[in-house]
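Data block below; observations after.
The values are calculated or read from the model by the stated rules, or taken from the named source; none is laboratory data. Since the model is a prediction, treat every value here as computed from it, not as a measurement. With ideal geometry, Cβ positions are generated from the backbone for all residues, glycine too; neighbour counts draw on all protein chains shown. Surface areas here come from the heavy atoms of the whole protein model, side chains and all, with no ligands, DNA or RNA. Shrake-Rupley method; radii C 1.70, N 1.55, O 1.52, S 1.80 Å.
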Amino acid sequence: MSTLLVTHPAGLNHATPPGHPERADRLRVLDRIFEQEKFSHLVRDLAPLGEREDIIRVHPADFVDAMGEATPKEGLVRIDSDTLLSPGSWDAVLRAVGGACFAVDEVMDGKVHNAFVAMRPPGHHCETRKPMGFCLLNQVAIAARHAQAKYGLGRVAIMDFDVHHGNGTQEIFWADDSVMYCSTHEMPLYPGTGAVGETGEANTIVNAPLRSGDDGAIFKEAMETCILPRISAFSPDLILISAGFDAHVRDPLASLRLVDTDFAWVTRELMAIADKTCKGRVVSVLEGGYDLEGLASSAAAHVSALMHG
Ligand code: ZN
């Protein structure tokens, strides 16, 4: 079993103001973790720039061009109270998109078994035409469309275990029966979407909201009763993971109580479905996770599971 790790130093150049939780140090701690001996067998590649052709399958060209043009030469441009463009942001997000699509290619071509893309900013809050919640483009959605367009996949499942609901991914695939979007998230919490009754026009949206204080046992129950059977029955040709680690007990932005072994568990469960339905094809893309220690240890558990099952 081989696991690909996709990174790029451009991910460090998306600047946010002092005190902002979504910061370059998130990637620095992951870089340090993946230097450990136990990760020496990772296949490593640099993220290429995302292709315009891939991006505009999800986000309209005029929106993409406007955001590229809005990227400042110096200073910061505020899109909303917590979403910003800095001089390095556009390059960072293009590498995040390119890294996700490249990871899909390597997995689809059978060069590796599965992959983890450690780039920033995150993407799952970005809607078709609306960047928000630290997210500038929706790289998981772009990767799903890329997989369908390039490899003719009929069904792609996206599992989002970030503590926040991926309103952007849900909006993008709301009426699409070829992409299943599943989410566990704390509720109530930003952005406010993700109720059980939000099922999409094709009944391929599956939301399992959790409550403040819920721990791994309740997370597992929600996965086992609400989500894993649905993904299994959907029989996906590829599983994408919106891998946010802010449901970790240490995270400052939310109040779920997951620990490293919970992230390893859910990873193995998703791999088991992928083994049955799509030759084990799993591509995981970093979303949130704002406590540096919790992020590092839970991402390490996640990637160890991808490497060893
Ligand atoms: Zn989050």
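A few points about this structure:
- Overall, region 113-186 carries a charge dipole of about 320 debye about its Cα centre when +1 sits on the Cβ of Lys and Arg and -1 on the Cβ of Asp and Glu, all other atoms neutral.
- Computed E for Thr128/Ser40 - FRET, C-beta separation, R0 35 angstrom, nearest 0.05: 0.30
- Leu238 long-range amide H proximity, modeled H, under 5 Å: Ala157
- Cβ-derived FRET efficiency at R0 41 Å, Glu74 paired with Asp109, nearest 0.05: 0.50
- For the chain, Cys101, Cys182, Cys226, Cys278 stand unpaired, since no other cysteine beta carbon lies under 4.7 Å from theirs.
- Cross-link partners of Lys279 among lysines (Cα-Cα below 17 Å; sequence separation of 8 or more within a chain): Lys111
- For region 55-120, the square roots of the Cα gyration tensor eigenvalues, ordered a ≥ b ≥ c, give a/c of at least 1.5 with a/b greater than b/c, which places it in the prolate category.
- Estimated [θ] at 222 nm from DSSP helical runs (n ≥ 4, -39500 (n - 2.57)) normalised by residues in the chain, nearest 500: -11000 deg cm²/dmol
- Annotation: amide H of Met119 within the under-5 Å range of Leu286, sequence separation 5 or more or interchain, hydrogens built in the peptide plane.
- ³J(HN,Hα), Karplus 6.51/-1.76/1.60, whole Hz, each residue of region 39-50, x for Gly, Pro: 9, 5, 8, 4, 7, 10, 9, 8, 5, x, 5, x
- Carbon + sulfur, % of accessible area of the chain - ligands and nucleic acids excluded, 1.4 Å: 51
- Neighbours of His165, meaning other residues whose beta-carbon lies under 10 angstrom from its beta-carbon, give a summed charge of -4 when Lys and Arg score +1 and Asp and Glu score -1.
- Straight-line cross-link partners of Lys130 among the lysines, defined as a Cα under 27 Å from its Cα and at least 8 positions apart when in the same chain: Lys73, Lys150.
- Cα gyration tensor shape of region 1-149, rounded if a/c is under 1.5, else prolate or oblate by comparing a/b with b/c: oblate
- Per residue, the chain exposes 37 Å² of solvent-accessible protein surface, assessed with a 1.4 angstrom probe and all protein chains in place.
- Among the trypsin sites (Lys or Arg not before Pro) within region 10-117, those in coil by DSSP and having at most 16 neighbouring Cβ atoms inside 10 Å are Arg57, Lys73, Lys111.
- Extents of the chain, largest first, come to 48, 41, 38 Å (Cα atoms, principal axes, whole angstrom).
- In terms of its C-alpha gyration tensor, region 179-233 has an oblate overall shape, because the principal axis ratio a/c (a ≥ b ≥ c, square roots of the eigenvalues) is not below 1.5 and a/b does not outweigh b/c.
- Subtracting the Cα-Cα distance of Ala272 and Arg211 from their residue separation scaled by 0.36 nm leaves 19.3 nm.
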